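Chemist: Dropping the structure in here first, questions after.
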Amino acid sequence: MSIRIDDIKERALSMMKEFKGQRMGMIGFSIIIFLLAISLLSPWLAPDTDGQWANPGRWEDNPRSAAPNWADYILPGTRAPHDIREDYDELDRTFMTIKYVYENEYDYPPSDITVFVSGTSSESRIRLYIDLIRPDGENILFVDESVSITNGTFSYRFSLRSSAGRDRSYDFGLNAHRDFFPDDLTPPDRESVNIQMVPFAKLNENILLDPESLKGTYTLEVEAVGIDEYDDEGTRVLFRGMKYGLMGTDSNRKNLALGWVHGAKYALIIGGIVSLSSISIALLYGMTSAYYGGWVDEIMQRANEILLGIPIFPILVITMYAIGRSIWILVLIYVILGWRGLAKIIRARGIQIRQDTYVEAAQSLGSSGGRVITRHMIPQLLPYAIAEGALMIPMVVIAEAGLSVLGLADPTVVTWGRMLSEANQYHATISGLWWWILLPGLGLTLLGFGFITTGMALERVVNPKMRQR
Amino acid sequence: MPASLKYFILRSINAVIVLFIVVLIIAFLYSDMADRMAEGRIADEVRAYAGGLPTELTQEQRSQLIREERARLEEIHGLHDPFYEKVFRRTWDTFTFRLGESNSRTYYGASDARVTTIIQHYLPRTILLFTTAAVISILLGIGMGLKAAQVAGTKVDKALSIFGILTASLPMWWVGMLVILIFAFSLGWFPAASYPFPTETGYEYYKGVLIRMAMPLATIVFVSVGGRAWATRNMVTSILQDDYIMAARAKGIPERKVIYGHTLKTAAPPIVTSAILSFLLSIGGAMITEVIFNWPGMGYLLRTAIFAESDMPVIMGIVYITTLLWVVGYLLADMLYGFLDPRVEVGAEKKV
Amino acid sequence: MGDKTILDVKDLSTHYFTSKGVVKALDDVSFQLKGGKSLGVAGESGCGKSTMAYSLLKMVQPPGRIVKGSINLDGMEVTKLDENSARKKLRWQKVSMVFQGAMDIMTPVYTVGHQMKEPLRYLMDITGDEAEEICKKYLDMVDLDFELFNRYPHELSGGQKQRIIIATALLLEPDVVILDEPTTALDVVVEARIMNDLKILKKQLDNGMIFITHDLSILAEISDDLAVMYAGWIVELGDSKKIYRDPKHPYTKKLIAAIPRLHVDIDRLEYIPGAPPELTNPPKGCRFHPRCEHAFGRCNKEEPEEHDVDGILVKCHLYDERGN
């Protein structure tokens, strides 16, 4: 009268076959497999991301607020790619001038030029010039500075986004603006100008108001008077892109694709732990309650009803605030409270199964309570519990994300929630940095959709009553 | 109706127990922080006291007096009471709305530092946004679900189901971010932030509030209505398969009456309760949505208290009020169920 | 109404078009019913009894529909009615139905009175005291106290519920009352009492009645005619006493032999081996042949004709020679 291993195997196989027939479920399941694969490969796909997320040094070479590379395909205009020059294009030894040639063929020119110059000199000071020669012959002198030499070497960093860079850019634009509007007493001020674009803008009346990309060949010239030799390692130029990588960057240059990978990992970890623990506890609680019935059931149900009345959100806020901003505290709270709803469903199903003849038969044949539960009830209820437990995963992950936005993000891990919380903190919405919002949220949506459809398909397979709907 | 009376009483007792447990947890977690806050306040007062002591006292006399004063103040603040006593005192204080004073000097724009005052300042806006959204979403969702159930199996029905499943897996506040991106940033139809509230009076004021409310409201409704409709649809289709519906049809009752009478009236208790419960469950999401839209409600206050001020008493107060709202709402849902379904008995399984 | 034929069903076929194939729940069924008379319909579950009832009410649920035949009810062609006129002219006024006692047939959130008054209100425009008067009259008829009127269904016993359903079915004095397993869910004592009531009612009223049940012994007592159904067919149709005494079809013989009788040896109790066929793919030839002990060559090839044997219509190859 007992269920044999073969029976369970057969049941599992037939369930699998039936699951394959559920189209939505199969789509959802593929999403889960995809997320799982990404998580498992995260150390290789996205090295040095986890602990380094808040370390600006890790992301220094990236562009700020760059759109994903595929933005060109879906949005009008072309964006400058991220272009790192480790080697100069030309070296003029007579004046010790190095040149970088940049072809701007984009509607959105580079977001920044960052120049690192270093070298050796026997003088105590050198004079450094950094110059941008535009296709229209105009010339912007960004740096004209004396640099002191210590121990025979120097290193210098310049960026268009530095205050000097911004000043020069604005001056250049303002000059051009004055040519067109000589009587304009209140030209647009620096804050309102799209200043990063001015050095690459057409010299027309819109240069300050609505700059247009001037396409053509630009030459960046660096001249260090008094230098002996440039240091090849330390001398390089970044033409920072307007697009970068698969998911772009945030306003702190962080590569969102790398964060996303770890977001998937942590989502599955916290969701997985909570879901597995809830399934186990709920099975144990629900089945015990259903199996013993009577006053045991009564007490267990009353207790569960009280637990069901406890709101989880305020508890999460208060514990994470008071004890620590950690995803493990969130996991703990969900482990403690997450099983209660599932236990109620399991109990109801368990009572049905208990009335099934073979459990009664097993009892009458003298199987012990524990044996009846493990041999007869678990095989029936487990698939059901798994189906329902799958639905918990997105719930927990979304809760984590929400708490992050409230300011309770775990600073030691990268989650989709943390990425979104930063997006909110740095006003990604009103700056139009759509990828920063869309992509982490898409992670949450994929996860939710994946587990909900899989769970529902499973539910349909294990609960024939629902199939008729 | 003694059976339903017993049901109501048991439910109420449940609610009180739940509230007590949560408040106990709050008090437990609060106790340590409250002690530290009290220590800080005592240190300030002792310093003031020491400054006011007559100068002709000897060093020894001074420190003696200061020590006594400190001990007196510590006694007043109950710093040396046993832990459980502190926890229970705190529990009782919370229960009776003695929520203490905010650490922040800004009072968050309220008229004084008392946490109750601050919450009173913010709560009505949350309730305004949340209940408006709930009413719209429930009415619309039930209507859509009913229609879908009547055309079960058709393309419209399937589309609604997919919409319901898709939106159910979306975080509400994330949709809010997208809404801002689209309707405020790209199209510029609405202001991106709800705050500050309009300063005009009369008609202009209400118009201003409405414009600010449009996006958060639309977001909450958009995210919740599909799931609501889907749940309603499933409940109604399962009832439509019940025998008494067939019997009612055989009796020649007009189809409209079968749907809006027999079916809907039977479906009402689970539909209404599950609507209320799922709205209560979305309280967290809605509070975060407030943050996204800068809607100056409880969620906005909570984030400010956490992020900008690290203001424990205010956070505690919000947590308590949120819990209270939840517990009352939960109880209300239970009561409503008992009221709507003549069959209700203690322990009866709800079809939620 | 006398001996006038009020219900004439000819070649009625109702099929369900499911994803797994066409379920021929009712195939070429013909019978007649005279006013004041009663017809018993017997058969195992799934033989098409309930489908027949729903067809008469024009209430076959999709994916099912009536594909062939006619139902002439007192001059009205039921199969041609659209939904609206079926509701306004046919249901409950011409044909009413007492649903299976095993089912949850009363809406749990309305009072008994509300549900009883509904047909009066929606079909006859009778409301208020007048409606209550009528209900009271019929409640009296089934021996129920008017006090139950304001109760909810869950406050009633199974027997009380069933009587209320019966009373409700009689309210509009329909030509035909269908009783679908009216006593199945009830315990034996209640069942006996209700059957008694029904017998008395039958004498008082001149409605035609159709009893649907799997219990032949009840039918022998209460119905004038008997139709035995198997797998969507009527395999035997005729005077119920005659059939009961001398069944012609092998299936009917088995059914009657399977009725437990107190005064007969228990080991003579028979059962029918096998299970009724899947109606998506019924056996070729005679649908009963896989379970029939008299089956011979022709049975699994040709569909049997109907033969008149001593005034009883039998659908069986055994009577082929005699019929010809």
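Read-outs throughout are calculated quantities, based only on the coordinates presented, and are distinct from any laboratory measurement. All values derive from a computational prediction rather than experimental measurement. Methodologically, a virtual Cβ is constructed for each residue, glycine included, from the backbone with ideal geometry; neighbour enumeration extends over all protein chains shown.
Chemist: If the elastic network links every pair of Cα atoms under 10 Å, which of B:Ala50, B:Ala168, B:Ala275 fluctuates the most in the Gaussian network model of chain B?
Modeler: Comparing B:Ala50, B:Ala168, B:Ala275 in the GNM, the peak value goes to B:Ala50.
Chemist: If you don't mind, another one. For chain A, what is the convex hull volume of the alpha-carbon atoms per residue, in Å³?
Modeler: Cα convex hull per residue, to the nearest whole number: 208 Å³.
Chemist: Need one word for the stretch B:117-310: rounded, prolate or oblate. Basis is the Cα gyration tensor (sqrt eigenvalues a ≥ b ≥ c); a/c below 1.5 gives rounded, then a/b vs b/c decides.
Modeler: Here the stretch B:117-310 falls in the prolate category.
Chemist: Report, by chain and number, residues whose modeled amide H sits under 5 Å from the one on C:Lys248, excluding near sequence neighbours (fewer than 5 apart, same chain).
Modeler: Here nothing satisfies the definition.
Chemist: Suppose only helical runs count, i.e. DSSP H with n ≥ 4. What mean residue ellipticity at 222 nm does that imply for chain A under -39500 (n - 2.57) per run, divided by all residues and rounded to the nearest 500 deg cm²/dmol?
Modeler: That comes out to -16000 deg cm²/dmol.
Chemist: Let me ask you something else. Order of A:379-385, B:108-114 by packing, highest average Cβ count within 10 Å first?
Modeler: A:379-385, B:108-114
Chemist: Another question, then. Any idea how far apart C:Glu173 and B:Asn103 come out in nm if each label point goes 7 Å out from Cα toward Cβ?
Modeler: The answer from the label model is 8.6 nm.
Chemist: Just round it to a whole percent: the fraction of Cα-Cα distances in the stretch B:11-55 exceeding 16 Å.
Modeler: 60
Chemist: Next question. Looking only at C:Thr14, C:Thr213, C:Thr107, which one moves most when chain C is put into a Gaussian network model with springs between Cα atoms under 10 Å?
Modeler: Maximum fluctuation in the GNM of chain C, among the listed residues, is at C:Thr107.
Chemist: With θ taken as phi - 60° and the coefficients 6.51, -1.76 and 1.60, list the Karplus ³J(HN,Hα) couplings across the stretch C:26-37 in order, rounded to whole Hz; mark glycine and proline as x.
Modeler: 9, 9, 6, 9, 9, 6, 10, 9, 9, x, x, 9
Chemist: Show me, for the stretch A:223-228, the HN-Hα J-couplings you get by feeding each phi into the Karplus relation (A = 6.51, B = -1.76, C = 1.60, θ = phi - 60°), rounded to Hz, glycine and proline as x.
Modeler: Once rounded to whole Hz, the list reads 10, 10, 7, x, 8, 8.
Chemist: Right, here's the next one. Go ahead and set up a Gaussian network model of chain B, Cα springs under 10 Å, then flag whichever of B:Trp173, B:Trp189, B:Trp230 fluctuates most.
Modeler: Answer for the Gaussian network model of chain B: B:Trp189.
Chemist: Okay, helix-only estimate at 222 nm for chain C: each DSSP H run of n ≥ 4 adds -39500 (n - 2.57), divide by all residues, round to 500 deg cm²/dmol; what do you get?
Modeler: It comes out at -7500 deg cm²/dmol, rounded to the nearest 500.
Chemist: If you don't mind, another one. How high is the relative contact order of the stretch C:120-198, in percent, with contacts defined as C-alpha pairs under 8 Å that are six or more residues apart?
Modeler: Worked out over the stretch C:120-198, it gives 28 percent.
Chemist: When the helices in chain B are scored as -39500 (n - 2.57) per DSSP H run of 4 or longer and the sum is shared across all residues, what 222 nm value do you end up with, to the nearest 500 deg cm²/dmol?
Modeler: The helix-only estimate for chain B comes to -24500 deg cm²/dmol at 222 nm.
Chemist: So, one more: Taking Cα pairs under 8 Å and at least six residues apart, what relative contact order does chain C come out at, in percent?
Modeler: This gives 20 percent for chain C.
Chemist: Would you mind giving the mean number of other chain beta-carbons within 10 Å of the Cβ of each residue in B:329-340, as a whole number?
Modeler: 1
Chemist: Simple spin-label model, 7 Å along Cα-to-Cβ: B:Asp112 to B:Thr96 in nm?
Modeler: The modelled label-to-label distance comes out at 1.8 nm.
Chemist: How large is the Kirkwood hydrodynamic radius of chain B, counting all unique pairs of alpha carbons, in Å?
Modeler: Radius from the Kirkwood sum: 24.0 Å.
Chemist: Going by how many other Cβ atoms sit within 10 Å of their own, how do B:Thr154, B:Thr232 line up, fewest first?
Modeler: Placing the least packed residue first, the sequence is B:Thr154, B:Thr232.
Chemist: What FRET efficiency comes out for B:Glu85 versus B:Glu39 if R0 is 25 angstrom and r is the Cβ-Cβ distance? Round to the nearest 0.05.
Modeler: It comes to 0.90.
Chemist: Here is a further query. From other protein chains only, count the Cβ atoms within 10 Å of every residue's Cβ in B:314-327, then give the mean.
Modeler: That average works out to 4.
Chemist: Another question, then. Report the calculated FRET efficiency for C:Phe296 and C:Val22 (r = Cβ-Cβ distance, R0 = 35 Å), to the nearest 0.05.
Modeler: Efficiency, from the Cβ-Cβ distance: 0.75.
Chemist: Just want to confirm a number: the relative contact order over chain B, from Cα pairs under 8 angstrom separated by 6+ residues, in percent.
Modeler: The value is 26 percent.
Chemist: Would you please give the residues with an amide H less than 5 Å from that of C:Tyr230, counting only those at least 5 places away or on a separate chain, with H modeled from the backbone geometry?
Modeler: Answer set, sorted by chain and number: C:Val235.
Chemist: Taking the Cα centre of chain A as the origin and placing charges on Cβ (Lys, Arg +1; Asp, Glu -1), which of A:Gly263, A:Ile84, A:Ile279 is farthest toward the positive end of the dipole?
Modeler: Result: A:Ile279.
Chemist: What is the set of long-range amide H partners of C:Val67 at a cut-off below 5 Å, with H atoms built 1.01 Å from backbone N?
Modeler: C:Ser13, C:Thr14, C:His15
Chemist: With +1 on each Lys and Arg Cβ and -1 on each Asp and Glu Cβ, how big is the dipole of the stretch C:1-126 about its Cα centre, in debye rounded to the nearest 20?
Modeler: 160
Chemist: Sticking with this one: Note down the net charge around A:Ser278, summing +1 for each Lys or Arg and -1 for each Asp or Glu among other residues with Cβ under 15 Å from its Cβ.
Modeler: +2
Chemist: Let me confirm one metric for peptide B:163-169, namely the mean number of other chain beta-carbon atoms within 10 Å of its residues' beta-carbons.
Modeler: Per residue, the number of nearby Cβ atoms from other chains is 5 on average.
Chemist: Using the per-residue mean of other Cβ atoms lying within 10 Å as a proxy for protection, in what order, highest first, do the peptides C:155-166, C:191-202 fall?
Modeler: C:155-166, C:191-202
Chemist: Please check which bits of the stretch A:77-101 a label hung off A:Thr219 would reach, taking the label as a point 7 Å along Cα-to-C-beta and the cut-off as backbone N under 20 Å.
Modeler: Output list for this probe position: A:85-101.
Chemist: Take the Cβ-Cβ distance between A:Ile133 and B:Ile136 as r, set R0 to 45 Å, and report the resulting FRET efficiency rounded to the nearest 0.05.
Modeler: Computed FRET efficiency for A:Ile133 and B:Ile136: 0.15.
Chemist: Considering the Cα trace of the protein assembly as shown, what is its radius of gyration and what is Dmax, both in angstroms?
Modeler: 40.3, 141
Chemist: Output ³J(HN,Hα) for the stretch B:131-136: one whole-Hz value per residue in order, computed from phi by the Karplus curve 6.51 cos²θ - 1.76 cosθ + 1.60 with θ = phi - 60°, and x for Gly and Pro.
Modeler: Running phi through 6.51 cos²θ - 1.76 cosθ + 1.60 with θ = phi - 60° gives 6, 4, 4, 4, 4, 4 Hz.
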